[in-house]
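For reference, the structure discussed in these notes is given below.
The values are calculated or read from the model by the stated rules, or taken from the named source; none is laboratory data. Small disclaimer: the values here were computed from a predicted structure and weren't measured. Methodologically, a virtual Cβ is constructed for each residue, glycine included, from the backbone with ideal geometry; neighbour enumeration extends over all protein chains shown.
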Amino acid sequence: MNTPGMKPTAIPFPPMPVCPRPLRRVHGAAGRSNKPHPDPAGEPKIQRMSLLIKNGEIVTADSRYVADILCVGEVIAQIGRDLPAPAGAEVIDATGKYVFPGFIDPHVHIYLPFMGTYSKDNYETGSQAALIGGTTTLIEMCCPARSMDALEGFETWLAQAEGKSACDFTFHMGVTKFDAGSETQLREIVRRGISSFKIFLAYKGAFGIDDTELYRTLKLARELGVVVTAHCENETLIAERQRELLAAGKTDPSQHHESRPPRVEAEGVHHLMTFAELTGASVYIVHLSCEEALVEAVRARQRGVKVGIETLIQYLVLDKSYAERPNFEGAKFVMSPPLRDARNQAILWNGLRDGLIQTVATDHAPFDFVGQKPMGKEDFTKIPNGIPSLEDRITLLYTEGVTTGRIDLHTFVNVASTQAAKQFGLFPKKGTIQLGADADLVVFDPHHAGVITAKTQAMNVDYSAFEGWPIKGRPSLVTVRGEVAVRDGKFVGTIGRGKLIKRTPQRN
Ligand code: URP
Ligand code: ZN
Ligand code: ZN
């Protein structure tokens, strides 16, 4: 029986291309830089460039007003009306536009050896796509195989990002086993600035951990004040149902949902809640997709379990009929947990509006429709799980959430930026607009009208799950720590300028 996951001894992976590159700007960017410049006497001195964004409507999770923002070097130095431009400053007119804090995607896969293949983006393509979509910081899942030690896993994932990412980044450290050496190594990784773990209750025999490992991971996390993010599905139920469906000749992509119905996810959440309750650990449910799972999480919260909840843009706008499309087209929409009945969408939107659900992420996991998804042409359990959406999260959330009145502008900022920063120790450096915060800003044009298509996307994958969707509004200008990275919707940033944002544990 095939179960999704990676088994390095059984499945030979193609070698992953590694391409270390120096910092470089692309597409003829304006040439602003915060790097040290030597002065005529040969002494290096810091040249703190400035950027003045004028007359935008600033919207944070809890405020809304028209003002100018002066960024000096990497941070926000002044906010006020009619601020004078310092000599040499670049001035951006944001009249008629919103200015949002840089968006944060708390659940992304860039480097993902998975199900016998690799996800398609690397940090060059992925971070450009993130920035074009308004995401200035991403949190990647570091997912080492069970055969790899935690420290080696961390260093492997870090090497993929450092010197290649154009946006800022950090990791949830995947705990894919908990053996004698794990504890010391996990402590060291936390010392290096990682304050969240990731565990999988699914993917039996691959990333999945058993209950002893789960208990020990949560105990350690509780001691360290680290948040444990979790993929919640019952792996035994999945394996048994997959076996039965295949034996009955049910092999097409639509069967993916039948193998992991809502109760399978709810059981995973219930399980995690029990362990979190008894260990006192702070946990965070990733990619929650349905009412049944939400009910389990909220019940646990009511009895005192410290739990954050994330849903995905896919679950808010797509439903399981997409994965039922004929001629294997449904494979484009195979992910775990699966897309659900459309009735769940209103429940998730309401959960965001009412604060039951904290964040909207992507779980970006791009696999080509030609060449990768067909690995499961005869057997749905072999279709690489995942949907590409890193570039589209913000425009879809704005179009389908704000312009329809499902959520207001503050909730939009809160669930797409501020809450991710608060849950994972990035706030207030990231996730808001205030003096001293990193100058990660999104100037958003609400009057733009466009259409999503794979033909123009920056994500390195051959299809879009949202092909032909009309979009209202887009990030027109995006800054990362004071440097313009997107102008008129086009990437103009610096490959390799993105940095690991070190975090300290905060919750216990
Ligand atoms: O289908 C999904 N979600 N693929 C990525 C791996 C995971 O479970 O997050
Ligand atoms: Zn997952
Ligand atoms: Zn994921």
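Consider only pairs whose beta carbons are under 8 Å apart and that are at least six residues apart or on different chains; among these, list those whose first residue lies in the stretch 95-119 and is under 25 Å from residue 476 (Cα atoms) and aliphatic (A, V, I, L, M) and whose second residue is within 13 Å of ligand 2 (Cβ to nearest atom) and in a loop (DSSP other than H, G, I, E, B).
Listed by first residue and then by second, the contacts come to 108/362; 108/363; 110/119.
Would you check if residue 105 is out of contact with any helix residue (DSSP H, G or I) (no Cβ under 8 Å at 6 or more places or on another chain) and acidic (Asp, Glu)? Break it down into steps so the answer makes sense when it comes.
Values: out of contact with any helix residue (DSSP H, G or I) (no Cβ under 8 Å at 6 or more places or on another chain): no; acidic (Asp, Glu): yes.
No; evaluated as a whole, the condition is false for this residue.
Would you check if there is a residue in the stretch 189-204 being modelled with pLDDT under 95 and surrounded by 24 or more Cβ atoms within 10 Å (Cβ to Cβ)?
Checking the stretch 189-204: at least one residue is modelled with pLDDT under 95 and surrounded by 24 or more Cβ atoms within 10 Å (Cβ to Cβ).
Out of the residues in the stretch 349-387 that are buried (at least 23 other Cβ atoms within 10 Å of the Cβ) and more than 16 Å from ligand 1 (Cβ to nearest atom), state the one that is farthest from residue 247 (Cα to Cα).
Ranking the qualifying residues of the stretch 349-387, first place goes to 352.
Return only the number of the condition from (1) under 17 Å from residue 289 (Cα atoms); (2) within 14 Å of the chain's Cα centre (by Cα); (3) in a loop (DSSP other than H, G, I, E, B) that residue 366 does not satisfy.
For residue 366, the failing item is (1).
Only residues that are within 16 Å of ligand 2 (Cβ to nearest atom) and either assigned to a strand (DSSP E or B) or under 21 Å from residue 486 (Cα atoms) (or both): list them for the stretch 106-154, please.
Result: 106, 107, 108, 110, 113, 114, 138, 139, 140, 141, 142.
Can you tell me which residues in the stretch 55-75 are in a strand (DSSP E or B) and under 17 Å from residue 421 (Cα atoms)?
Across the stretch 55-75, the qualifying residues are 59, 75.
Cβ-Cβ under 7 Å, sequence separation 6+ or interchain: first residue in the stretch 273-291 and farther than 24 Å from residue 315 by Cβ, partner among the β-branched types (Val, Ile, Thr) and within 16 Å of ligand 3 (Cβ to nearest atom). Which pairs?
281/228
Taking the condition of being away from ligand 1 (no atom under 16 Å from the Cβ) and not in a helix (DSSP H, G or I), how many residues in the stretch 320-347 meet it?
Total meeting the criteria: 7.
Which one is nearest to residue 330 (Cα to Cα), of the residues in the stretch 360-406 that are among the small types (Gly, Ala, Ser) and within 16 Å of ligand 3 (Cβ to nearest atom)?
386
Name the strands (runs of 3 or more DSSP E) wholly inside the stretch 393-508 in which the number of residues that are touching a Cys at 6+ places or on another chain (Cβ under 6 Å) and on the phi > 0 side of the Ramachandran plot is 2 or more.
No strands (runs of 3 or more DSSP E) qualify here.
Quick grid of which residues meet (1) within 16 Å of ligand 1 (Cβ to nearest atom); (2) of a type in the set (Phe, Trp, Tyr); (3) surrounded by 21 or more Cβ atoms within 10 Å (Cβ to Cβ):
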residue: 180; (1), (2), (3): no, no, no
residue: 207; (1), (2), (3): yes, yes, yes
residue: 219; (1), (2), (3): no, no, no
residue: 229; (1), (2), (3): yes, no, yes
residue: 233; (1), (2), (3): yes, no, yes
residue: 286; (1), (2), (3): yes, no, yes
residue: 293; (1), (2), (3): yes, no, yes
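Could you please give the count of residues in the stretch 152-177 that are over 26 Å from residue 497 (Cβ atoms), surrounded by fewer than 22 Cβ atoms within 10 Å (Cβ to Cβ) and not basic (Lys, Arg)?
Selection size over the stretch 152-177: 1.
Going through 311, 359, 279 one at a time, which residue ends up being modelled with pLDDT of 95 or more and over 24 Å from residue 418 (Cβ atoms)?
None of the other options fit; the residue is 279.
For the stretch 240-297, enumerate the residues that are among the basic types (Lys, Arg) and either touching a Cys at 6+ places or on another chain (Cβ under 8 Å) or not in a loop (DSSP other than H, G, I, E, B) (or both).
241, 243, 263
Within the set of pairs 6 or more residues apart or between chains, which connect a residue that is touching a residue at least 40 places away in the same chain (Cβ under 8 Å) inside the stretch 436-455 to a residue that is part of a loop (DSSP other than H, G, I, E, B) and β-branched (Val, Ile, Thr) with Cβ atoms less than 8 Å apart?
441/433
So, in the stretch 110-142, exactly how many residues are closer than 17 Å to residue 500 by Cα, within 16 Å of ligand 3 (Cβ to nearest atom) and crowded, with 24+ Cβ neighbours inside 10 Å? Working first, answer last.
First, the residues of the stretch 110-142 that are closer than 17 Å to residue 500 by Cα: 110-111, 122-124, 126-128, 130-131, 135-142.
Going one step further and asking which of them are within 16 Å of ligand 3 (Cβ to nearest atom), we end up with 110-111, 126, 130, 135, 138-142.
Still in the list and also crowded, with 24+ Cβ neighbours inside 10 Å: 110, 126, 130, 135, 138-142.
Adding up the residues that qualify gives 9.
If you check 220, 186, which single one turns out to be out of contact with any strand residue (DSSP E or B) (no Cβ under 8 Å at 6 or more places or on another chain) and among the aliphatic types (A, V, I, L, M)?
Sole residue among the options that is out of contact with any strand residue (DSSP E or B) (no Cβ under 8 Å at 6 or more places or on another chain) and among the aliphatic types (A, V, I, L, M): 220.
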